[in-house]
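Below is one structure, written out as structure tokens; the observations come after it.
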Amino acid sequence: MEAHVTPKETMDAAGSTLHDFDAPLIGGGTRSLGDFRGHPVLVVNTATQCAFTPQLRGLQELHDRFSPRGFSVLGFPSDQFHQDPGTDEETLETCTQTYSVTFPMFAKTDVNGAGAPPMWKWLCAQKAGVMGGRIAWNFTKFLVGADGMVIRRYAPPVPPSRIARRIEMELGSS
């Protein structure tokens, strides 16, 4: 069963920000993305058996480097591309044991199609990629500003280290 990210209230998507959504965490419970208000975040759809999975190390490096200043990486595992089989708990174990991930990890979710939660539809509507609004593959990254609006979308092959300068700029302006 795929977890759903839901808006806190019914609203026009054009008037929404990332802060208007809640998301289920791996292991239970729900986290309000409003908790990140005032701080930039990098939202990433992750997978544990993808050619890009080693990017988890680079994402953790960004989190370690910038989290003292309020920045966070937010990981959203997805098996929509059939590269993260198994349970949420198995995904979390791989992320923490193999890649030393400490940033927030949310329950598995679809990122495209009818099963995609409103948050993913909103992200894709804010910044379309090469496939229009669809997520092309695992490790698509959305840099979201302190105001909850998408600043930039990064394609899966873009290594996290190439996003550091932009995060630094955002932290300097927030």
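The values are calculated or read from the model by the stated rules, or taken from the named source; none is laboratory data. Everything numeric here is computed off the predicted structure, so don't read it as measured data. Positions of Cβ are generated from backbone atoms using ideal geometry, with glycine treated the same way; all protein chains shown enter the neighbour counts.
Okay, here's what the table says:
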item: Check on ARG69, at pLDDT below 95 and among the charged types (D, E, K, R); result: no
item: Residues of the range 106-136 classified as in a strand (DSSP E or B) and among the β-branched types (Val, Ile, Thr), total; result: 0
item: Exclusive hit being hydrophobic (A, V, I, L, M, F, W, C), closer than 20 Å to LEU18 by Cβ, assigned to a loop (DSSP other than H, G, I, E, B) and without any contact (Cβ under 8 Å) to a residue 60 or more places away in the chain, set PHE103, PHE81, PHE139; result: PHE103
item: Matching residues in the range 66-84 - criterion: being touching a His at 6+ places or on another chain (Cβ under 6 Å) and small (Gly, Ala, Ser); result: GLY70
item: Subset of the range 42-57 [surrounded by fewer than 19 Cβ atoms within 10 Å (Cβ to Cβ) and part of a helix (DSSP H, G or I)]; result: ARG57
item: Residue check for HIS39: surrounded by 15 or more Cβ atoms within 10 Å (Cβ to Cβ), at pLDDT below 95 and not in a helix (DSSP H, G or I); result: no
item: In the range 99-136, residue surrounded by the most Cβ atoms within 10 Å (Cβ to Cβ) [restricted to those that are on the phi > 0 side of the Ramachandran plot and modelled with pLDDT under 95]; result: GLY113
item: Tally, over the range 113-129, of residues that are more than 14 Å from the chain's Cα centre (by Cα), in contact (Cβ under 8 Å) with a residue 40 or more places away in the chain and within 16 Å of VAL44 (Cα to Cα); result: 1
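Here is a yes/no grid of residues against (1) farther than 21 Å from VAL158 by Cα; (2) polar (S, T, N, Q); (3) touching a residue at least 12 places away in the same chain (Cβ under 8 Å):
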{"position": "GLY29", "(1), (2), (3)": "yes, no, no"}
{"position": "VAL73", "(1), (2), (3)": "no, no, yes"}
{"position": "LEU92", "(1), (2), (3)": "yes, no, yes"}
{"position": "THR96", "(1), (2), (3)": "yes, yes, no"}
{"position": "VAL111", "(1), (2), (3)": "no, no, yes"}
